[in-house]
Structures are given as C-alpha cells and as structure tokens.
Amino acid sequence: LLAFFGTIVAAGALGLRIAGRGCGIIAAVLTASSTLLILKALNARPYELSTLLVALCAVALFKWLDDSRARWLWAFTILAILATAIQLFALLAPVSMLICVLVVRPRLLAQRLRSLLAPIALLAVACSAWIAASIGELGQVNWIAQGSAGSRVIAELRGPVLGQAYDLVVFVIVVLVVAKLASIWNRGVRHAVAEQISRDRDIFALTIGWAILPTVALSIASFAHPIYANRYVTGSAPGAALLVALVCVRVFPTTLVPARVSYEVSNTRLRRRTVALIGAVAAVVLATSYVSSASALQEDLQGTARFVAQHAQSGDVIALPDHAVTAAIDSYLASNGRSVPLWPQLGVRQR
C-alpha cells in the first residue's frame, strides 16, 4: 500500500512537471483508480514495489533529459536494476523508455555517449545475470493458460488497463479525444498539432515506451511460449495513466489548462496546492479501495491453518493443491502449537 501511494504521487508529480496541474491530477487519479494496481497493492507479492521503482526510473530519465549530469542516468540504472531484481519482467519498462527516447533524439545519443556507456553497461551486465539465473525457471509460467489466439490477443491488448470500470473510463477518454481531433483536423490546425507532437516527442516517447512496449514484447513472446500475464506489466499502469493524461491536456487545452495570470507570483503556491490535492485524492482512493477490496482476498492462510489445526489427526499430511496455498502455512501452524507435515510434491502442477 505504501508503494502504491508512492507510485500515485510519482505519476502525479511527473504529470504536473510535464504539462501542468491538469495533467498531474488526471495522471494521479487514473493511477490511483487502476484496478490492476489496486489488486497488486492488496497482495503480498512484490509487483507494486517494482512498479514504484519503475515510476522512479521514469522520473530520473525525465530529469536526465533536462539535466545532462550523469547522476540522473546512474539513478535510472540503479532503480532499473532494483526493479529487475524484484520482478524480472519489470526490466522491460525502463529499457523501453530509454530506447524510445534515444530513437526520437538520436543527437542526444551522440552528445552524451560517454556518460551513457558506464551506467548502460552496468545495467546490461546486471540484468543479463538476472536473466541467466532465472532462465531455468521457465516452468514457473507454465500455468498461464494457452487459450485461443484471438482471446489471448484481446486480453494482451488491454495491457496495464485492467478492470471493467477502468476500461470504460479509458475507452470514453479515447472516444472523446478521437472525436475532438476529427472535428479540428480540417480547420487548418494540422501543422499546429504536428508541431505540438514534435515539442512533446521526448515525453511521448518516454510514456509510450513505459506504457505500451512491455505489453507488446510479452505478447509477441507469448506466441512462442505462453508468458504474458497482466501482473507482469503492472509497472506499465502508471505510464498508461500519464500517457492518457498528456493526450487529454494537449487535445483539450482550454478546458484542462487554466489561464496563466501572474504565473510567476502564484507558481509556488499553485504547485503546493496541486501536490496537496494529489496527495489527498490518493489517500482517499487508497482508503476506499482497501475497504472495498480487502474482503475479496482469496489467500487466507491463517484461517486455513486454524482449520487444519482443529481437524488434523495423527498421521495426517497436508497436500498443497496448487501455488495458492504455500508452505508459509507452516508458520501459522507452529503458532497454533501443531506440526503437520507437508506432502512432498514434484511440482506446482501435481494435484
């Protein structure tokens, strides 16, 4: 939950820095209401921690675009390595961000090549070591259902956008954006739109690499071996929120960007109020999400251990049906003063 809160603040602050108050608020609200992030925040697995580190990678990379000092790129590299160590597929988002930014800014690669070499080499060596150490665990993803190619593609196209209400909100936003662009496209504003996209190319590249490419990479890999699951692209959810927020602000500038009156005087106060609003919204959404979703959790090892302790007889053993009930039940049994041996299994798929 703390990592979820930090992710919301990071996405909101990045949106605020990139395109103003409207972008920051939309990015924070969409991040806070992401069904995928809410589910992973209520889970003891480390997906939300890796998501926070990926969001901080985006912040460091954005800082590096404005400030050529190598310390921001070193921060990006260290955060990416930590995210990868926590969850292997989290590597896709930082690498995609960096590649997309360098593709749209080829001169940046030439200008800062010397500062790039050492941190990128460290990232490549460390992540290659993680991949080599984990390659033998490919069987851990064999539980992913094959399904039909059509249903798998549809599921994968949603990527980090997950949840009925959340899908509907994003769909409505996309429809409004397309309708607005269609209405103004023939009014002589094509060049203005093209110039705005050119000015925002760094940010669009960063957000597209963050939000879309990890899903695309895992989707393509799934045709060779089923490897895609929405949990593996959790780190892309804040990127999707930021991309949607940036598009909304650029398409509806008069509605979402307030007029700047005495901006130099009120800038500091406005930023403080915006950050406070983002924090308040995040806290309310977190509390609401926790209260509404905590009761739906499936893993109740403490209750399972209590049942076993009450009903186990001499000579009984526990057969774990799948990976949903893990050997962690031992600690709860020990707290109840019982010791029931586990039935040794050959693998997760054995029943």
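Quick notes on this one:
- Filter result for Tyr232 (within 15 Å of Gln87 (Cα to Cα), in contact (Cβ under 8 Å) with a residue 24 or more places away in the chain and not in a helix (DSSP H, G or I)): no
- From Ser295, Ser339, residue being among the polar types (S, T, N, Q) and either modelled with pLDDT of 75 or more or open to solvent by less than 50 Å² (accessible area, probe 1.4 Å) (or both): Ser339
- Test for Ala118: is it under 19 Å from Ile212 (Cα atoms) and either open to solvent by 70 Å² or more (accessible area, probe 1.4 Å) or outside any loop (DSSP other than H, G, I, E, B) (or both): no
- Qualifying residues in region 229-247 (those that are of a type in the set (A, V, I, L, M, F, W, C) and surrounded by fewer than 24 Cβ atoms within 10 Å (Cβ to Cβ)) - the one nearest to Ile212 (Cα to Cα): Leu243
- Those helices (runs of 4 or more DSSP H) lying entirely in region 1-111 with at least 2 residues buried (at least 20 other Cβ atoms within 10 Å of the Cβ), modelled with pLDDT of 90 or more and among the aliphatic types (A, V, I, L, M): 2-19, 21-32, 47-66, 70-86, 92-104
- Among residues of region 209-228, those that are closer than 15 Å to Val161 by Cβ and surrounded by fewer than 19 Cβ atoms within 10 Å (Cβ to Cβ), counted: 2
- Pair list, Cβ < 7 Å and 6+ apart or interchain, from region 212-223 residues that are within 18 Å of Pro238 (Cβ to Cβ) to residues that are surrounded by fewer than 19 Cβ atoms within 10 Å (Cβ to Cβ) and of a type outside the set (A, V, I, L, M): Thr215/Glu156
- Check on Ala259, assigned to a loop (DSSP other than H, G, I, E, B), open to solvent by 30 Å² or more (accessible area, probe 1.4 Å), out of contact with any Gly (no Cβ under 7 Å at 6 or more places or on another chain) and modelled with pLDDT under 90: yes
- Within region 1-27, the set of residues being of a type in the set (Val, Ile, Thr) and over 10 Å from Pro238 (Cα atoms) comprises Val9, Ile18, Ile25, Ile26.
- Of all the criteria given as (1) modelled with pLDDT of 75 or more; (2) under 28 Å from the mean Cα position of the chain (by Cα); (3) not basic (Lys, Arg), the one not satisfied by Val317 is (2).
- Members of region 178-211 that are part of a helix (DSSP H, G or I), over 23 Å from Thr234 (Cβ atoms) and modelled with pLDDT of 75 or more: Val178, Ala179, Arg199, Arg201, Asp202
The values are calculated or read from the model by the stated rules, or taken from the named source; none is laboratory data. These figures come from a predicted structure and were not determined experimentally. When we count neighbours, we look across all protein chains shown, and the Cβ atoms used for this are built from the backbone with ideal geometry, even at glycine. Remember, those area values only see protein heavy atoms, side chains included, never the ligands or the DNA or RNA. Shrake-Rupley method; radii C 1.70, N 1.55, O 1.52, S 1.80 Å.
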